[in-house]
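The values are calculated or read from the model by the stated rules, or taken from the named source; none is laboratory data. Keep in mind the model is a prediction, meaning the values are calculated, not measured. Here the Cβ is made from the backbone with ideal geometry for all residues, glycine too, and neighbour counts use every protein chain on show. When the accessible area is computed, the model is the full protein with side chains, heavy atoms only, and any ligands, DNA or RNA have been set aside. Shrake-Rupley method; radii C 1.70, N 1.55, O 1.52, S 1.80 Å.
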Amino acid sequence: MKRILFSFASLLIVSLLFIPGVFAQDSTDKQSERYLVMFDGPAEAGILNAFGVKESDILHEFDLLPVMHLDLSTEQAKGLKNHPQIKFVEEDARAEAFSQTTPWGITRVQAPDAHQMGYSGNGVKVAILDTGIDASHPDLQANVQGGYSVFSDSANNNPFYDGDGHGTHVAGTVAAANNGGGVLGVSHQADLYAVKVLDNNGGGSYSGIAQGIEWSINNDMDIINMSLGGSAHSSILEAYSNLAYNEGILVVAAAGNSGNAWGIGDTVAYPAKYDSVIAVAATDQNNNRASFSSHGPAVELSAPGVNVLSTVPGNGHQSYNGTSMASPHVAGVAALTWQAKPYLSNSQLRQTLQNTALNLGNSNFYGHGLVRSVNAIQN
Ligand SMILES: [Ca+2]
């Protein structure tokens, strides 16, 4: 008790020596802001009193460190900052909850339950043949392990630059990190490979896709996701799709966005239409076919493709629609299932995904139905 009194008295003296004249004026009409103030040594109310800080301006006194939360005028804060027994004066910064969103489609394919079971896609390599991946995105940087661009011009030769956003969005659905922020991907620890076969305007060619498939074979990819396609058949693109499949890669592609409201006709795009490729249709939150989703006998599986929230370049997140958004849900479920059952061949894995899908009806619309990770893992 004696010591406290002593230091209080000595502080009063020190404080008096440091009070600049302006303080007396300002403390009356102060525009107060909230500050965190740390003392160099024990917290002493006497220092504050000397600057005209009232008892009511002390909002909180901390226990473990000599810190006070204070209502101060700008002049008071300035004065305290210059005081030898004050270590730090900081404006109390605003903070917001840093929370992670689980998009509806991630839950619809049972990914959070598969994560609870211990599966995350860890060790499974997924090639994203697309517009590139923004590898600096906080939700993706941990999982992007490599890449390749089929373009040589300076605007498009970097696979980790995505001037369009499409590839970054697709990548996030497959493997956005479980990092407490942004969104959660289906297989949040899968290895992503940015294979840039579409330019910054989202355009590309079949030769580029074939080059991307060739790179994927040469670099031991487990899964290829192609959220792309065209209406023209190509024997060479088919030969490359078949080659990847025969090399043990699971090949997944968007069925296309050429569906009509009536679901009449065969509108599935290439390469999704080839036998060696899983054609994925898009469903909405009611498990109904999205009106744009291509239909036909080649449709093999369905997955969420309406209002799909995922990553976009520049630390952003946006909702997109398309079978492009459905395909990576299947690629992610395949990654989870393959981690759980590494002994399956690609054709056995494909069979498992078909057998465990939720039947939604018309096979030209939905194929075998909605892809489901827990059912596939437990099959
Ligand atoms: Ca995240």
Original post:
Among the residues of segment 116-131, is there at least one that is within 16 Å of the ligand (Cβ to nearest atom) and open to solvent by less than 30 Å² (accessible area, probe 1.4 Å)?
Top reply: yes
Original post:
For segment 242-272, how many residues meet the condition of being assigned to a helix (DSSP H, G or I) and more than 18 Å from LYS125 (Cβ to Cβ)?
Top reply: 1
Subject >> Residue in segment 146-168 that is farthest from the ligand (Cβ to nearest atom), counting only those that are in a helix (DSSP H, G or I) and out of contact with any Lys or Arg (no Cβ under 9 Å at 6 or more places or on another chain) >> reply: HIS166
**OP:** Identify the single condition in (1) over 26 Å from ALA210 (Cβ atoms); (2) open to solvent by 50 Å² or more (accessible area, probe 1.4 Å); (3) without any contact (Cβ under 8 Å) to a residue 40 or more places away in the chain that GLN318 does not satisfy, given that it satisfies every other one.
**Re:** (3)
Subject >> Boolean, ILE213 is assigned by TED's automatic domain parsing to the domain that holds VAL333, touching a Pro at 6+ places or on another chain (Cβ under 8 Å), open to solvent by less than 30 Å² (accessible area, probe 1.4 Å) and modelled with pLDDT of 95 or more >> reply: no
Original post:
Can you name the residue in segment 169-192 that is farther than 13 Å from HIS115 by Cα and in a helix (DSSP H, G or I) and is also farthest from the ligand (Cβ to nearest atom) among such residues?
Top reply: VAL170
**OP:** Among the residues of segment 40-55, write down those that are assigned to a loop (DSSP other than H, G, I, E, B), touching a Leu at 6+ places or on another chain (Cβ under 7 Å), at pLDDT 90 or above and open to solvent by 10 Å² or more (accessible area, probe 1.4 Å).
**Re:** none
Original post:
Among GLY230, GLY182, GLY202, which is the only one that is open to solvent by 30 Å² or more (accessible area, probe 1.4 Å), small (Gly, Ala, Ser) and in the same structural domain as THR337 (by TED's automatic domain parsing)?
Top reply: GLY202
Subject >> Test result for SER293, open to solvent by less than 20 Å² (accessible area, probe 1.4 Å) and in a loop (DSSP other than H, G, I, E, B) >> reply: yes
Original post:
Among the residues of segment 99-113, which ones are aliphatic (A, V, I, L, M) and within 16 Å of the ligand (Cβ to nearest atom)?
Top reply: ILE106, ALA111
Original post:
Which one is nearest to LEU336 (Cα to Cα) among residues in segment 137-154 that are without any contact (Cβ under 8 Å) to a residue 60 or more places away in the chain and hydroxyl-bearing (Ser, Thr, Tyr)?
Top reply: SER149
Original post:
Of all residues in segment 132-157, which are open to solvent by 60 Å² or more (accessible area, probe 1.4 Å) and touching a strand residue (DSSP E or B) at 6+ places or on another chain (Cβ under 8 Å)?
Top reply: GLN145, TYR148, ASN157
Original post:
How about segment 56-109: which of its residues are outside any helix (DSSP H, G or I) and closer than 30 Å to THR311 by Cβ?
Top reply: ALA93, ARG94, ALA95, GLU96, ALA97, PHE98, SER99, GLN100, THR101, THR102, PRO103, VAL109
**OP:** Could you tell me whether segment 298-310 includes any residue that is farther than 16 Å from ALA253 by Cβ and open to solvent by 40 Å² or more (accessible area, probe 1.4 Å)?
**Re:** yes
Subject >> Identity of the residue in segment 275-290, farther than 10 Å from PHE365 by Cα and among the charged types (D, E, K, R), that ends up surrounded by the fewest Cβ atoms within 10 Å (Cβ to Cβ) >> reply: ASP275
Subject >> Looking only at segment 348-379, and only at residues there that are free of Cβ contacts under 8 Å to residues at least 60 places away in the same chain and of a type in the set (Gly, Ala, Ser), the one that is surrounded by the most Cβ atoms within 10 Å (Cβ to Cβ) >> reply: ALA376
Subject >> Tally of residues being surrounded by fewer than 23 Cβ atoms within 10 Å (Cβ to Cβ) and aliphatic (A, V, I, L, M) across segment 159-179 >> reply: 0
